[in-house]
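First the structure, in the form of structure tokens, and then the observations on it.
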Ligand SMILES: [Zn+2]
């Protein structure tokens, strides 16, 4: 029996989240997994589109929001994994890069898979968003 788990991450769970994608407009089903550094728990999410397009939420932000709403504002991302229906790997959009960056540190990694996990690409978060925006009101 093939083991689909890797450090708490499950390819089967990622595919299950992808199957839940609400993407009637683009037909582009995406899922993401966000693993919490604090709890070790992995949160899965899919893209949820909207007829206005602008209100669409990407899979990466769906998974991120699940982590933060469960673990609070101090939660940090250990790693992000993404899959789509593409034969190529995809990378997070600009909005997701900024959203993920705010809960990332220098060790946060992002791994993207092509459909069926045939291809894999990996980045450090600061490669995807060098000098990302952060501010402090201390
Ligand atoms: Zn996005």
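Computed from the coordinates by the stated procedures, all read-outs in this text should not be read as laboratory data. If you're wondering where the values come from, they're calculated on a predicted model, not measured in any experiment. Note: ideal-geometry Cβ built from the backbone for every residue, glycine included; neighbour counts use all protein chains shown.
Some observations on this one:
- As a proxy for reagent exposure, 10, 136, 112 were ordered by neighbouring Cβ count within 10 angstrom, fewest first; the result is 136, 10, 112.
- The simple Förster model, with R0 at 25 Å and r as the Cβ-Cβ distance, assigns residue 107 and residue 86 a FRET efficiency of 0.35.
- In nm, spacing of pseudo-spin labels at residue 53 and residue 124 (7 Å Cα→C-beta vector): 3.7 nm
- Projected-area mean, the chain, by convex hull of Cα positions, square nanometres: 9.1 nm²
- Residue among 105, 87, 126 with the largest mean-square fluctuation in a Gaussian network model of the chain, springs linking Cα atoms under 10 Å: 87
- Springs between Cα atoms under 10 Å define the GNM used for the chain, and in it the highest mean-square fluctuation of 74, 60, 37 occurs at 74.
- Potential extension, residue 27-residue 93 segment - 0.36 nm per residue separation minus Cα distance: 22.1 nm
- Here 27, 38, 115 are placed in order of increasing Cβ neighbour count within 10 Å, fewest first, which gives 27, 38, 115.
- Among 113, 53, 44, residue whose mean-square fluctuation peaks in a GNM of the chain (springs only between Cα atoms under 10 Å): 53
- Added length on full extension, which subtracts the Cα-Cα distance from 0.36 nm per residue, residue 65 to residue 16: 15.8 nm
- Of 71, 106, the sequence from fewest to most neighbouring Cβ atoms within 10 angstrom is 106, 71.
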